[in-house]
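Written below as C-alpha coordinates is the structure these notes are about.
The values are calculated or read from the model by the stated rules, or taken from the named source; none is laboratory data. Predicted, not measured: the structure shown is a model, and the values here were computed from it. Every residue, glycine among them, receives a Cβ derived from its backbone with ideal geometry; neighbour counts consider all protein chains shown.
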Amino acid sequence: MPLTHRLIAAAALLFAATLAAQEAALAVRVIHGELPVADAVVSLVPLDAPAPAPAPVEAVVAQEDKEFDPYVTPVAVGTRVNFPNRDTVQHHIYSLSKPKRFEKPLYASGASESVLFDLPGVVALGCNIHDWMIAYVVVLPTPWFAKTGTDGSARLVGAPPGRYRLEIWHPRLARPVSRELVLTAGAAAAETVALTLKPDRRIRRAPETRTGAY
Ligand SMILES: [Cu+2]
(Lines give C-alpha, C1' and ligand atoms only; values in the text may rest on other atoms or scores of the structure.)
Protein backbone atom coordinates (compact mmCIF):
# COMPACT_ATOMS: atom_id res chain seq x y z
CA MET A 1 0.00 0.00 0.00
CA PRO A 2 1.49 3.42 -0.91
CA LEU A 3 2.42 5.67 1.99
CA THR A 4 -0.34 8.21 1.26
CA HIS A 5 -2.97 5.42 1.32
CA ARG A 6 -1.60 4.11 4.60
CA LEU A 7 -1.73 7.64 6.08
CA ILE A 8 -5.34 8.05 4.93
CA ALA A 9 -6.26 4.66 6.45
CA ALA A 10 -4.56 5.61 9.75
CA ALA A 11 -6.37 8.96 9.81
CA ALA A 12 -9.72 7.22 9.18
CA LEU A 13 -9.08 4.82 12.10
CA LEU A 14 -8.20 7.69 14.41
CA PHE A 15 -11.33 9.55 13.28
CA ALA A 16 -13.52 6.47 13.98
CA ALA A 17 -11.99 6.02 17.44
CA THR A 18 -13.28 9.44 18.53
CA LEU A 19 -16.90 8.62 17.65
CA ALA A 20 -19.64 7.77 20.09
CA ALA A 21 -20.98 4.26 19.49
CA GLN A 22 -24.33 5.40 18.07
CA GLU A 23 -22.95 8.12 15.85
CA ALA A 24 -21.70 7.84 12.33
CA ALA A 25 -19.24 10.11 10.63
CA LEU A 26 -18.31 11.02 7.14
CA ALA A 27 -15.10 12.53 5.83
CA VAL A 28 -15.74 14.26 2.51
CA ARG A 29 -13.05 15.34 0.10
CA VAL A 30 -14.07 17.63 -2.76
CA ILE A 31 -11.86 17.95 -5.82
CA HIS A 32 -11.86 19.59 -9.26
CA GLY A 33 -9.48 17.62 -11.44
CA GLU A 34 -6.59 16.90 -9.06
CA LEU A 35 -7.08 20.08 -7.06
CA PRO A 36 -8.81 20.41 -3.67
CA VAL A 37 -11.94 22.61 -3.68
CA ALA A 38 -12.36 25.03 -0.76
CA ASP A 39 -15.68 26.68 0.19
CA ALA A 40 -17.84 23.74 -0.88
CA VAL A 41 -20.82 23.17 1.43
CA VAL A 42 -21.49 19.51 2.18
CA SER A 43 -24.61 18.38 4.02
CA LEU A 44 -26.43 15.20 4.96
CA VAL A 45 -30.20 15.02 4.44
CA PRO A 46 -31.72 11.94 6.12
CA LEU A 47 -33.86 9.76 3.82
CA ASP A 48 -35.61 7.57 6.42
CA ALA A 49 -36.75 10.20 8.92
CA PRO A 50 -37.22 13.96 8.97
CA ALA A 51 -34.10 15.93 9.89
CA PRO A 52 -34.23 17.08 13.53
CA ALA A 53 -34.65 20.81 14.11
CA PRO A 54 -31.20 22.35 14.53
CA ALA A 55 -30.44 24.24 17.75
CA PRO A 56 -30.72 28.01 17.21
CA VAL A 57 -27.32 29.60 16.72
CA GLU A 58 -25.96 32.91 15.53
CA ALA A 59 -23.50 33.39 12.72
CA VAL A 60 -21.41 36.32 11.56
CA VAL A 61 -20.61 37.62 8.08
CA ALA A 62 -18.43 40.70 8.53
CA GLN A 63 -17.59 43.46 6.11
CA GLU A 64 -13.90 43.99 6.44
CA ASP A 65 -11.39 45.57 4.06
CA LYS A 66 -14.35 46.09 1.67
CA GLU A 67 -14.97 42.36 1.40
CA PHE A 68 -17.44 40.00 3.00
CA ASP A 69 -15.78 37.58 5.37
CA PRO A 70 -16.33 34.67 5.11
CA TYR A 71 -17.09 34.21 1.42
CA VAL A 72 -19.34 31.18 2.06
CA THR A 73 -21.31 30.64 5.29
CA PRO A 74 -23.42 27.49 5.74
CA VAL A 75 -26.14 27.81 8.39
CA ALA A 76 -29.13 25.77 9.50
CA VAL A 77 -32.65 27.04 8.80
CA GLY A 78 -33.68 29.45 11.56
CA THR A 79 -30.21 30.95 12.03
CA ARG A 80 -29.81 34.67 12.59
CA VAL A 81 -26.77 36.08 10.82
CA ASN A 82 -25.12 39.28 12.04
CA PHE A 83 -23.47 41.57 9.50
CA PRO A 84 -21.04 43.81 11.41
CA ASN A 85 -19.38 46.61 9.48
CA ARG A 86 -15.73 46.53 10.59
CA ASP A 87 -14.65 49.04 7.95
CA THR A 88 -14.30 52.78 8.26
CA VAL A 89 -16.54 53.17 5.20
CA GLN A 90 -20.27 52.58 4.73
CA HIS A 91 -21.73 49.54 2.98
CA HIS A 92 -25.15 48.88 1.52
CA ILE A 93 -25.73 45.15 1.59
CA TYR A 94 -28.61 43.36 -0.09
CA SER A 95 -29.81 40.08 -1.51
CA LEU A 96 -32.21 39.39 -4.36
CA SER A 97 -32.20 35.63 -3.71
CA LYS A 98 -35.58 33.95 -3.28
CA PRO A 99 -35.08 32.39 0.19
CA LYS A 100 -34.30 35.83 1.67
CA ARG A 101 -34.67 39.12 -0.16
CA PHE A 102 -33.44 41.96 2.03
CA GLU A 103 -31.69 45.27 1.97
CA LYS A 104 -29.66 47.04 4.65
CA PRO A 105 -29.13 50.57 3.34
CA LEU A 106 -26.02 52.55 4.11
CA TYR A 107 -24.81 51.80 7.53
CA ALA A 108 -21.74 53.03 9.12
CA SER A 109 -18.56 51.71 10.60
CA GLY A 110 -19.16 49.81 13.82
CA ALA A 111 -22.86 49.19 13.11
CA SER A 112 -24.24 45.67 12.88
CA GLU A 113 -27.48 44.48 11.33
CA SER A 114 -28.90 40.98 11.52
CA VAL A 115 -31.12 38.91 9.28
CA LEU A 116 -33.07 35.75 10.14
CA PHE A 117 -32.69 33.04 7.48
CA ASP A 118 -35.90 31.04 7.81
CA LEU A 119 -36.11 29.27 4.43
CA PRO A 120 -33.62 26.80 2.96
CA GLY A 121 -31.66 27.74 -0.15
CA VAL A 122 -28.70 29.75 -1.34
CA VAL A 123 -28.71 33.47 -0.58
CA ALA A 124 -26.23 35.57 -2.57
CA LEU A 125 -25.13 38.79 -0.87
CA GLY A 126 -23.94 41.92 -2.60
CA CYS A 127 -23.06 45.52 -1.78
CA ASN A 128 -24.51 48.41 -3.77
CA ILE A 129 -21.39 50.50 -3.30
CA HIS A 130 -18.66 47.94 -3.86
CA ASP A 131 -19.53 45.82 -6.90
CA TRP A 132 -16.89 43.21 -6.22
CA MET A 133 -18.28 42.35 -2.78
CA ILE A 134 -20.06 39.01 -2.99
CA ALA A 135 -20.73 36.27 -0.50
CA TYR A 136 -23.14 33.41 0.05
CA VAL A 137 -25.22 32.26 2.99
CA VAL A 138 -26.24 28.65 2.34
CA VAL A 139 -29.33 27.85 4.43
CA LEU A 140 -29.66 24.12 5.07
CA PRO A 141 -32.66 22.03 6.20
CA THR A 142 -30.44 19.73 8.28
CA PRO A 143 -28.16 20.09 11.31
CA TRP A 144 -25.37 18.08 9.63
CA PHE A 145 -23.31 20.29 7.37
CA ALA A 146 -19.77 21.58 6.95
CA LYS A 147 -17.62 23.65 4.61
CA THR A 148 -14.47 22.37 2.96
CA GLY A 149 -11.19 23.98 3.92
CA THR A 150 -8.31 24.78 1.58
CA ASP A 151 -7.43 21.07 1.57
CA GLY A 152 -10.88 20.29 0.09
CA SER A 153 -11.86 18.30 3.19
CA ALA A 154 -14.82 18.53 5.54
CA ARG A 155 -16.09 16.26 8.29
CA LEU A 156 -19.70 15.52 9.12
CA VAL A 157 -20.10 14.11 12.61
CA GLY A 158 -23.06 13.30 14.83
CA ALA A 159 -25.63 11.95 12.38
CA PRO A 160 -27.29 8.72 13.50
CA PRO A 161 -26.76 5.63 11.33
CA GLY A 162 -29.03 5.41 8.30
CA ARG A 163 -29.57 6.39 4.68
CA TYR A 164 -28.69 9.91 3.61
CA ARG A 165 -28.41 12.12 0.60
CA LEU A 166 -25.02 13.81 0.60
CA GLU A 167 -25.46 17.21 -1.05
CA ILE A 168 -22.61 19.37 -2.29
CA TRP A 169 -22.93 23.04 -3.22
CA HIS A 170 -20.26 25.44 -4.47
CA PRO A 171 -20.53 28.97 -5.94
CA ARG A 172 -19.04 27.71 -9.23
CA LEU A 173 -21.30 24.66 -9.67
CA ALA A 174 -24.00 24.86 -12.34
CA ARG A 175 -26.30 22.94 -10.00
CA PRO A 176 -25.84 21.13 -6.67
CA VAL A 177 -24.42 17.61 -6.79
CA SER A 178 -25.79 14.80 -4.64
CA ARG A 179 -25.41 11.11 -4.01
CA GLU A 180 -27.04 8.62 -1.67
CA LEU A 181 -25.08 6.75 0.97
CA VAL A 182 -25.51 4.68 4.13
CA LEU A 183 -23.83 5.60 7.42
CA THR A 184 -23.04 2.85 9.90
CA ALA A 185 -22.97 3.21 13.71
CA GLY A 186 -19.54 3.85 15.17
CA ALA A 187 -17.90 3.80 11.74
CA ALA A 188 -16.17 6.50 9.76
CA ALA A 189 -16.95 6.60 6.08
CA ALA A 190 -15.09 8.56 3.43
CA GLU A 191 -16.38 9.97 0.15
CA THR A 192 -14.48 11.77 -2.57
CA VAL A 193 -16.61 14.01 -4.77
CA ALA A 194 -15.21 15.26 -8.07
CA LEU A 195 -16.86 18.47 -9.27
CA THR A 196 -16.77 20.27 -12.59
CA LEU A 197 -16.59 23.94 -11.67
CA LYS A 198 -17.44 26.87 -13.91
CA PRO A 199 -14.80 29.59 -14.29
CA ASP A 200 -14.57 32.10 -11.46
CA ARG A 201 -16.57 35.09 -12.75
CA ARG A 202 -16.19 37.31 -9.74
CA ILE A 203 -15.69 40.97 -10.59
CA ARG A 204 -12.09 41.99 -10.19
CA ARG A 205 -11.67 44.51 -7.43
CA ALA A 206 -10.85 48.00 -8.67
CA PRO A 207 -7.34 49.14 -7.73
CA GLU A 208 -7.21 51.70 -4.92
CA THR A 209 -6.53 55.03 -6.61
CA ARG A 210 -6.89 57.21 -3.55
CA THR A 211 -7.54 56.72 0.12
CA GLY A 212 -10.74 57.80 1.73
CA ALA A 213 -12.92 57.07 -1.31
CA TYR A 214 -16.35 55.87 -0.19
CU1 LIG B 1 -19.61 47.72 0.46
How many residues, within region 37-58, are of a type outside the set (Ser, Thr, Tyr) and either crowded, with 21+ Cβ neighbours inside 10 Å or at pLDDT 95 or above (or both)? 10
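Yes/no matrix, rows are residues, columns are (1) within 15 Å of the ligand (Cβ to nearest atom); (2) at pLDDT 95 or above; (3) of a type in the set (A, V, I, L, M); (4) touching a Lys or Arg at 6+ places or on another chain (Cβ under 6 Å):
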residue: 98; (1), (2), (3), (4): no, yes, no, no
residue: 106; (1), (2), (3), (4): yes, no, yes, no
residue: 138; (1), (2), (3), (4): no, yes, yes, no
residue: 144; (1), (2), (3), (4): no, yes, no, no
residue: 153; (1), (2), (3), (4): no, yes, no, yes
residue: 161; (1), (2), (3), (4): no, no, no, no
residue: 166; (1), (2), (3), (4): no, yes, yes, yes
residue: 191; (1), (2), (3), (4): no, yes, no, no
residue: 194; (1), (2), (3), (4): no, yes, yes, no
Identify the single condition in (1) under 16 Å from residue 30 (Cβ atoms); (2) surrounded by fewer than 19 Cβ atoms within 10 Å (Cβ to Cβ); (3) outside the structural domain of residue 30 (by TED's automatic domain parsing) that residue 124 does not satisfy, given that it satisfies every other one. (1)
Looking only at region 78-93, filter to residues that are part of a strand (DSSP E or B) and buried (at least 16 other Cβ atoms within 10 Å of the Cβ); which one of those is nearest to the ligand (Cβ to nearest atom)? 91
I'm told residue 69 meets every condition in (1) more than 15 Å from the chain's Cα centre (by Cα); (2) within 16 Å of the ligand (Cβ to nearest atom); (3) at pLDDT 95 or above except one. Can you identify the failing condition by its number? (1)
Looking at region 57-70 only, could you name the residues that are outside any strand (DSSP E or B) and within 15 Å of residue 130 (Cα to Cα)? 65, 66
Within region 108-136, track down each residue that is of a type outside the set (Gly, Ala, Ser) and within 14 Å of the ligand (Cβ to nearest atom). 113, 125, 127, 128, 129, 130, 131, 132, 133, 134
